[in-house]
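Participant: Sharing a structure with you now.
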Ligand code: XIL
């Protein structure tokens, strides 16, 4: 990518951003803006929050896709071994289908949010059916209704110092690194029509951790493609942290170009801006969150083939970060809508990215 071009784009984006804001693009929500470019915008949600009318109305206005923040994870679906509770996911999926929204499944294989019985079962006798039967049961149950699945989540971890860069999770311990291939093959067999995604975090970080994540995630995906593993896309979680490790635009662009060369699509799967450590002035913090969002999406949209932009929540009223923020910090403001469902500068930054005329066909190699 010609970086002068990027600066022009950013300047142009800035002007477009001000125009959109001036015009107050209240005519369309992010859903419509995305659809006009063949993209999808969506957000994660918890079914308990659908009861709040103002939030439900904002979801219908803004989201073209939903994903369960936590209710499609194994600790909810298979809390009791062999007994599947699809109810919570069904509640969300029914809402999405009523409003003709897409739905993403998150996530089939993770090292967190597993039922209490799982660890013992794996240690007692690691039959890979503990992994594949679950995937088959869940993906088949929702076959034709969930268009994209995060099959494996966050498998790369620097701290575990494995030569392959993988997390030494209960899955790796039970089955070795091959659990990842197993999972994707099982998911493809269960629903050949759903998009299969590997989901990872920290891929944008300007840090040694970011470098490690990009390097080993790429090696993982290259190996999967070389072995003919059925994988369609990478999910880049995109939990931006402007006041901790920032954004390495050049490294991210290079990584994404390698992803494109592998023939993989890209989804922004969990976008939010962790803003503690930022200015106490709320307007300034809002603007800086919008600025990093604009910079981030500009890189993603111009260097890769993006299918969807999904934020991890829609309104600051319901963000997972509330539980994580330092007690001394103000309430986090990581999302496009404020606590009263008003559009923030971050909303305009996403709207601008979705409506910019940059498309993957326009980027040139260095
Ligand atoms: C988080 C949810 O937001 C929390 O409510 C839950 O307690 C833990 O999981 N990366 C992921 C998501 O892939 O599944 C995590 O979601 C956030 C980090």
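Participant: Would you please name the residue that is nearest to residue 53 (Cα to Cα), looking only at residues in the stretch 92-113 that are crowded, with 18+ Cβ neighbours inside 10 Å and within 12 Å of the ligand (Cβ to nearest atom)?
Facilitator: Checking each candidate, the answer is 104.
Participant: Checking residue 264 against (1) surrounded by 23 or more Cβ atoms within 10 Å (Cβ to Cβ); (2) touching a strand residue (DSSP E or B) at 6+ places or on another chain (Cβ under 8 Å): exactly one of these is not met. Which one?
Facilitator: Of everything listed in (1) surrounded by 23 or more Cβ atoms within 10 Å (Cβ to Cβ); (2) touching a strand residue (DSSP E or B) at 6+ places or on another chain (Cβ under 8 Å), residue 264 misses just condition (1).
Participant: Another question, then. Which of the residues spanning the stretch 280-293 are surrounded by fewer than 24 Cβ atoms within 10 Å (Cβ to Cβ) and in contact (Cβ under 8 Å) with a residue 40 or more places away in the chain?
Facilitator: Correct list: 280, 282, 285, 286, 287, 288, 290, 291, 292.
Yes/no matrix, rows are residues, columns are (1) assigned to a helix (DSSP H, G or I); (2) crowded, with 16+ Cβ neighbours inside 10 Å; (3) at pLDDT 95 or above:
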position: 211; (1), (2), (3): yes, yes, yes
position: 225; (1), (2), (3): yes, no, yes
position: 229; (1), (2), (3): no, yes, yes
position: 235; (1), (2), (3): no, yes, yes
position: 252; (1), (2), (3): yes, yes, yes
position: 256; (1), (2), (3): yes, yes, yes
position: 268; (1), (2), (3): no, yes, yes
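Participant: Out of the stretch 195-209, which residues are in contact (Cβ under 8 Å) with a residue 60 or more places away in the chain and either within 16 Å of the ligand (Cβ to nearest atom) or not in a strand (DSSP E or B) (or both)?
Facilitator: Within the stretch 195-209, 197, 199, 201, 204 meet the criteria.
Participant: So which residues in the stretch 131-172 are part of a helix (DSSP H, G or I) and either free of Cβ contacts under 8 Å to residues at least 24 places away in the same chain or over 23 Å from residue 80 (Cβ atoms) (or both)?
Facilitator: Matches in the stretch 131-172: 133, 158, 159, 160, 172.
Participant: Just one of (1) away from the ligand (no atom under 16 Å from the Cβ); (2) under 27 Å from residue 347 (Cβ atoms); (3) touching a residue at least 24 places away in the same chain (Cβ under 8 Å) trips up residue 71, so point out which.
Facilitator: Every condition holds for residue 71 apart from (1).
Participant: Also: Quick one: how many residues across the stretch 74-91 are part of a loop (DSSP other than H, G, I, E, B) and within 16 Å of the ligand (Cβ to nearest atom)?
Facilitator: Number satisfying all stated conditions: 1.
Participant: Let me ask something else about it. Mind checking whether some residue in the stretch 231-238 is in contact (Cβ under 8 Å) with a residue 24 or more places away in the chain and away from the ligand (no atom under 16 Å from the Cβ)?
Facilitator: There is at least one residue in the stretch 231-238 that is in contact (Cβ under 8 Å) with a residue 24 or more places away in the chain and away from the ligand (no atom under 16 Å from the Cβ).
Participant: Which condition from (1) under 15 Å from residue 355 (Cα atoms); (2) modelled with pLDDT of 95 or more; (3) part of a loop (DSSP other than H, G, I, E, B) is the one that residue 28 breaks?
Facilitator: Only one criterion is unmet by residue 28, namely (2).
Participant: If you don't mind, there's one more thing I want to ask. What is the residue count in the stretch 120-130 for residues that are crowded, with 17+ Cβ neighbours inside 10 Å and assigned to a helix (DSSP H, G or I)?
Facilitator: Result for the stretch 120-130: 2.
Participant: What tally of residues in the stretch 170-194 results from selecting those that are within 16 Å of the ligand (Cβ to nearest atom) and surrounded by fewer than 19 Cβ atoms within 10 Å (Cβ to Cβ)?
Facilitator: Total meeting the criteria: 0.
Participant: When you scan the stretch 131-153, do you find a residue that is within 16 Å of the ligand (Cβ to nearest atom), farther than 23 Å from residue 43 by Cβ and touching a helix residue (DSSP H, G or I) at 6+ places or on another chain (Cβ under 7 Å), even just one?
Facilitator: No, the stretch 131-153 contains no residue that is within 16 Å of the ligand (Cβ to nearest atom), farther than 23 Å from residue 43 by Cβ and touching a helix residue (DSSP H, G or I) at 6+ places or on another chain (Cβ under 7 Å).
Participant: Here are the criteria: (1) closer than 24 Å to residue 269 by Cβ; (2) out of contact with any helix residue (DSSP H, G or I) (no Cβ under 8 Å at 6 or more places or on another chain). Tell me which single one residue 51 does not satisfy.
Facilitator: Going through the list (1) closer than 24 Å to residue 269 by Cβ; (2) out of contact with any helix residue (DSSP H, G or I) (no Cβ under 8 Å at 6 or more places or on another chain), residue 51 breaks only (1).
The values are calculated or read from the model by the stated rules, or taken from the named source; none is laboratory data. Everything numeric in this text was worked out from a predicted model, so none of it was measured. Ideal geometry is used to build each Cβ from the backbone, glycine not excepted, and the neighbour counts take in all protein chains shown.
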